[in-house]
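A.B. asks: I have a structure I would like to understand better, so I am pasting it below and will then ask my questions one at a time.
Just so it is clear, none of the values below were taken in a lab; they were calculated from the coordinates. Note that the structure is a prediction, hence the values are computed from the model and not measured. FYI the Cβ positions are ideal-geometry reconstructions off the backbone, even for glycines, and counts take in every protein chain you see.
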Amino acid sequence: DGTCRTCAEDTGSHTVCAVMTEAFLEFTVKAGNDLVTPRPEYSFAGLLPGDRWCLCAARWLEALQAGCGPPVVLEATSEKALEIVPFELLKQHAVKS
């Protein structure tokens, strides 16, 4: 439905809806989470700059601290993200609608 939802099984808290950037995608590959390479066995086409994706809140915060946190789509971000990321940070990096 275009929003980042979570459940008890989502141990990574994939709650921040972010717009992918080249810098973030490079960062996450170097951190060991390759979101770029297609993985057909999982029906995953790979992400490109401009794509929206539900990120782990902690990974988004880590990327922000490294200077490459991608823009956030507040309307599609789960309130559960606030357990990890302060609202003011999300708001500061929100996509302008």
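A.B. asks: Among the residues of the stretch 10-18, are any free of Cβ contacts under 8 Å to residues at least 24 places away in the same chain, more than 24 Å from Gln92 (Cα to Cα) and in a strand (DSSP E or B)?
C.D. replies: no
A.B. asks: Could I ask something else about it? Consider the stretch 80-90. How many of its residues are acidic (Asp, Glu) and without any contact (Cβ under 8 Å) to a residue 12 or more places away in the chain?
C.D. replies: The qualifying residues number 1.
A.B. asks: Working carefully through the options Ala63, Ala58, Ala31, Ala76, find the one that is touching a strand residue (DSSP E or B) at 6+ places or on another chain (Cβ under 7 Å) and either at negative phi or among the β-branched types (Val, Ile, Thr) (or both).
C.D. replies: Ala76
A.B. asks: Which condition number in (1) crowded, with 16+ Cβ neighbours inside 10 Å; (2) touching a Gly at 6+ places or on another chain (Cβ under 7 Å); (3) not in a helix (DSSP H, G or I) is the one that Ala63 fails?
C.D. replies: (3) is the only condition that Ala63 fails.
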